[in-house]
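The values are calculated or read from the model by the stated rules, or taken from the named source; none is laboratory data. Computed from a predicted model, the values in this text were never measured in an experiment. Reconstructed Cβ throughout: ideal geometry from the backbone, glycine too, with neighbour counts over all protein chains shown.
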Amino acid sequence: NKIPLDFKRLGDPLPPVKGLPHCKREMIEVSPETIQQLYAYKMDEETKLRLNSLLKKYEGTHDFTNYTKENKLKESLKSPMRYIYEVKAIEFQERCGIEFIWVYLKGQSFLYNQIWKMMGAIIMAIVFELGDDFIEKGFISEQKVNIAIAPAEGLMLNRVGYDEYNDKLINWDM
């Protein structure tokens, strides 16, 4: 139940991104058949269990330096330490032949691109069959881990809650 990766490189690699000389960018052509295979891909039960196991690794307090843009972190002067209360895949749903996964995520606060990169790391771990320690390697700020941002297509923020903030506001003594 492997995801097909049948891509054809087009021409020379693209120039590196400013400030990221180690990143290789290439133009690729994807056949319509490969795109159909990607959309037809369905997770088997073993992969669903692994997905939830990988998502669980985000729970607790971790250093999310590798899960945000480095310059955004420096600009904000914020600590990259973030607390995730809970994260899990709660529903697998098929619509128009495409499998969608509903992920429940509850955390204290988030950094720029953090959730996109969290999902990108999960996709990378599953698609490229990386070890289960790939997520944890991203928590080591001294070790630069190149984590892809999950594509925006298919990612949707369904509901934002400010429970703790609202509770503080309600209990605030005027």
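Just checking: which of the helices (runs of 4 or more DSSP H) contained wholly in segment 88-174 hold 2 or more residues that are more than 15 Å from the chain's Cα centre (by Cα) and without any contact (Cβ under 8 Å) to a residue 60 or more places away in the chain?
Per the criteria, 163-170.
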Item to complete: Only one of these is modelled with pLDDT of 85 or more and polar (S, T, N, Q): GLN93, GLN114, GLN108, GLN143. Name it.
Response: GLN93
